[in-house]
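First comes the structure, then the notes that go with it.
The values are calculated or read from the model by the stated rules, or taken from the named source; none is laboratory data. Every value quoted in this text rests on a predicted model; they were computed, and no experiment measured them. Cβ: placed from backbone, ideal geometry, glycine included. Neighbour counts: every protein chain shown. Each accessible area value is taken on the protein alone, full model and side chains, heavy atoms only, with ligands, DNA and RNA left out. Shrake-Rupley method; radii C 1.70, N 1.55, O 1.52, S 1.80 Å.
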Amino acid sequence: MTATPTQQANTFNPSPEAGSAVDIVRVRKDFGAAVGVADVSLTIAKGEFVTLLGPSGCGKSTLLGMIAGFVTPTAGRIVVDGADITGLEPYRRDIGMVFQSYALFPHMNVRDNIAFGLKMRKLPAAQVEQEVARAIAMMKLDGFENRRVRQLSGGQQQRVALARAIVIRPKVLLLDEPLSALDKNLRAQMQVELSELHRKTGLTTIFVTHDQGEALSLSDRIVVMNKGSVQQVATPIELYRQPANGFVASFIGEINALPPGRCEVKDGIASLVLPGAGPLVFPAMPAAGFAPGRQVRAFLRPEHVRPAAPGEAGPNIVTGKVDAHIYQGSHTITRVVVEGIGLVETRVTGSDIVAGAPVGAPLALAFDLGEAVLLDASE
Amino acid sequence: MLAKRPFFITFLAPAVLTAVILAAAIFEVLQYSVREFIPGSLNVGGFTLANFAALNKPIYWWVLADTFFISLLTAIFSLLASYPVAYALVRAKRDWVRSALVSLSITPLFTGEIVRTFSWMLTLGTDGFINSILRKLGLIDMPIQLMYTRFGVVVALVQFSMPVMIILLATAIAHVDRDCEKAAANLGASPTAVFWRITLPLTVPGILSGIVVVFAWTMSAFSTPQLIGGGKILMISNLAYLQGFSVLNLPFAATLSLIALVCALGSLALMKGVTSRIERRLAVH
């Protein structure tokens, strides 16, 4: 069930004639002397699901607030559907939003909550009723129309908040960490529902989260932010496989950062010379980031480090001491301290390694260096 | 249970003592109200229901009705005057504005009722502040009568009750979830619509308790109607005072006090019923 969002998330190809739904042009927000958002530019295509991802305080919520109109940018422009909305009041923007706390109106029932935006638009009563009924059916809220919002479970409240935001047919849908208040199982289910909702409505969606798992499974593209700046904009697969810098590499998933080393080519064989641990050899000439003589850092995912087979020998096999096993059910993360390299994590399916290599025992690891990401050592 | 709370009885003792003394005093009033009045003497005679029979005169019903009317007017105008102040107090962006509003609205609580009433007499009098200003401006030739009017009494009572009303309203306004207001704006509600459809309904519990508190408080007002009403505007406590200390008819004063108490408790119970029904309908609690 949880596979659904992953399958369809990475197949998005914005067609050029669709045009852009949101253009964020050099937007900046200063809080006194501190920078909240630093000159962010971003173009979001119609129908795209874009996630703003970063640690708390990275500026992602401030950026969302500026799109919704609750935060006034210090500089820059925000264009939605070709119209500059930078100075427009929030209530004239036609942008739907789901708040982290849902912000449902406690003095109204489910139906009145959902109808609120339509009534504000002064639609005829019959049309309001029809649209609300559609939204209720779409969010599977049938039978809850007359309930007080306080009588609803977290998941139901979430669906009311979504229904209330989409019923006005907004130009853009903003989701501010809407899943963070839910427990783990419900969160997985709501991810699927969000994904389905996006497919059904085709709404341009901007999703804010600090949870990289949510970002990877839901998004067409992810905008990684840190300290107010955009670090990288890429599809989930690109982001995971080709992080642009050390921050992105370590923020998305688990990754081993090897110490800085020098690129060398000898007899057509590319290698990375680590001062404390000798050379590691690339199976083929690396495509990105490699230049003879350049100082680089190699980043390697735990799934690209494996325990060496008994008697296996070669240039990319290093031996260290087991520091800890973190058993995760389907797999085990084993931490190994390697002389000259430091702490290396390996990801092994199942639990065999826990008994096979107790803590403190030596363990040989094979690095699949062809999968390594090379970044400039100065970063 | 008591063993787990060793200071329970010790801590409760002052409250119990106060309650017992109050109950004794009320019982004494009750006891006086069924005694015979002996003209020219402070001593009272035997058991009689004559005091209650004596209540059945239009003048007394009129005073009672007027007390209700003045209390209700005071509660309503106090609400209307206090809501904007409380709103500004909670929502002010600058700290100094907030502090200024807090000191302006709350300090009157710490000046005595007599001092405040006396200030109102200076303001409302024939040569008082308001009349002098209006005359200087040439808006009136003859001073307008503000003292000894229902209007003057209500104005002073409203000012007197505003600090309490502001505190109750400010608490309610501070509890409004700002995200709800943002969500409403996001859904297309103008600032005016946000206020009428979100902020105001969510502060109804504060509005209701403010009205109830001010109403009950004003029911027992004494010095303000005494000094500003000057005997022309009588509220029930002024009538009891008149009977007790001018006519020296203590039994009848006790009867009037008892009626005032019953009316106050009765109207509180009635209002409580109404307000809890409204709150249930709004379901903001």
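Ranked by accessible surface with a 1.4 Å probe, highest first, in what order do A:241, B:197 come? All intermediate terms of the calculation are to be shown ahead of the outcome.
Values: A:241 140, B:197 110 Å².
Accessible-area ranking of A:241, B:197, largest first: A:241, B:197.
Once R0 is set to 30 Å, what does the formula 1/(1 + (r/R0)^6) return for the Cβ-Cβ distance between residue B:175 and residue A:196, expressed as a FRET efficiency to the nearest 0.05?
Details: r = 37 Å, r/R0 = 1.22.
The value I calculate is 0.25.
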TODO: Restrict the search to the stretch B:50-111; then list the trypsin sites (Lys or Arg not before Pro) that DSSP places in a loop and that have at most 12 other Cβ atoms within 10 Å of their Cβ.
DONE: B:93, B:94
- [ ] Calculate, in nm to one decimal, what residue B:8 and residue B:109 gain on full extension: separation in residues at 0.36 nm each, minus their alpha carbon distance.
- [x] 33.1 nm
Task: Interface A:B - total buried accessible surface [probe 1.4 Å, Å², rounded to 100] - done: 1900
TODO: Check the straight Cα-Cα distances from residue A:266 and name the aspartates and glutamates below 20 Å, setting aside those fewer than 8 residues away within the same chain.
DONE: A:368
Task: R0 of 51 Å, Cβ-Cβ distance residue B:118-residue A:81: FRET efficiency to nearest 0.05 - done: 0.20
Task: Nitroxide proxy distance, nm - points 7 Å out along Cα→Cβ at residue A:312 and residue B:49 - done: 10.6
Open item on the list: Explain nothing, just compute: Karplus ³J(HN,Hα) = 6.51 cos²θ - 1.76 cosθ + 1.60, θ = phi - 60°, for every residue of the stretch A:75-87 in order, whole Hz, x for Gly and Pro.
Closed with: 8, x, 10, 10, 10, 10, 6, x, 9, 6, 10, 3, x
Task: Residues listed by number, the stretch A:76-104, amide nitrogen under 19 Å from residue B:196 label point at 7 Å toward C-beta - done: A:91-92
Task: Under the Karplus curve 6.51 cos²θ - 1.76 cosθ + 1.60, θ = phi - 60°, whole-Hz ³J(HN,Hα) for the stretch A:268-274, x wherever Gly or Pro sits - done: x, 10, 8, 9, 10, 9, 9
Open item on the list: For residue A:81, what accessible surface area do you get with a 1.4 Å probe? Give it in Å², rounded to 10.
Closed with: 70
Task: Largest to smallest accessible area among B:180, B:263 [probe 1.4 Å] - done: B:263, B:180
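Restricting to DSSP loop positions (anything but H, G, I, E, B) with no more than 16 other Cβ atoms inside 10 Å of their own Cβ, which GluC sites (Glu not before Pro) remain in the stretch A:285-362?
A:312, A:339
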- [ ] Given the options A:308, A:33, A:270, state which has the largest fluctuation in a GNM of chain A using a 10 Å cut-off (strictly under) for Cα springs.
- [x] A:33
Task: Accessible-area order (highest first, 1.4 angstrom probe) of the listed residues B:107, B:67 - done: B:107, B:67
Open item on the list: Test of understanding: extend the Cα→C-beta vector of residue B:263 to 7 Å, then name every residue of the stretch B:232-247 with backbone N under 11 Å from that spot.
Closed with: B:234-240
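Report the extension gain between residue A:303 and residue A:112 in nm, rounded to one decimal, defined as 0.36 nm multiplied by the number of residues separating them, less their alpha carbon distance. Mind dumping the intermediate values first?
On the way: separation 191, 0.36 × 191 = 68.76 nm, distance 5.04 nm.
My answer for the length gained is 63.7 nm.
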Task: Surface accessible to a 1.4 Å probe, residue B:20 within the full protein complex, Å² - done: 90
- [ ] Could you go through the stretch A:175-187 in sequence order and give the Karplus-derived ³J(HN,Hα) for each residue, using 6.51 cos²θ - 1.76 cosθ + 1.60 with θ = phi - 60°, rounded to whole Hz, and x for Gly and Pro?
- [x] 10, 9, 6, x, 9, 5, 8, 9, 7, 4, 5, 5, 4
Open item on the list: Among the complete DSSP H segments of chain B, which ones combine at least 24 Å of alpha-carbon extent along their axis with a mean Kyte-Doolittle hydropathy of 0.5 or more?
Closed with: B:8-33, B:58-91, B:150-174, B:250-282
TODO: Within a 10 angstrom radius of each residue's Cβ in B:16-29, how many Cβ atoms of other chains show up on average? Whole number is fine.
DONE: 0
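Under the rule of -39500 (n - 2.57) per DSSP H run of 4 or more residues, summed and divided by the residues of the protein assembly as shown, what mean residue ellipticity at 222 nm is obtained, to the nearest 500 deg cm²/dmol? The partial results should precede the final answer.
Numbers: 23 runs with 293 residues, N = 664.
Result for the protein assembly as shown: -14000 deg cm²/dmol, rounded to the nearest 500.
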TODO: With all protein chains present, calculate the accessible area of residue A:134 using a 1.4 Å probe and round the result to the nearest 10 Å².
DONE: 140
- [ ] With a 1.4 Å probe and every protein chain kept in, tell me what percent of the accessible surface of chain A is carbon plus sulfur.
- [x] 51
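Given R₀ = 22 Å, FRET efficiency for residue A:378-residue A:290 by Cβ-Cβ distance, to 0.05?
Numbers: r = 16 Å, r/R0 = 0.71.
After rounding to 0.05, the efficiency reads 0.90.
What's the extension gain from residue A:355 to residue A:150 if we count 0.36 nm per residue and subtract their Cα-Cα distance?
So the extension gain works out to 68.8 nm.
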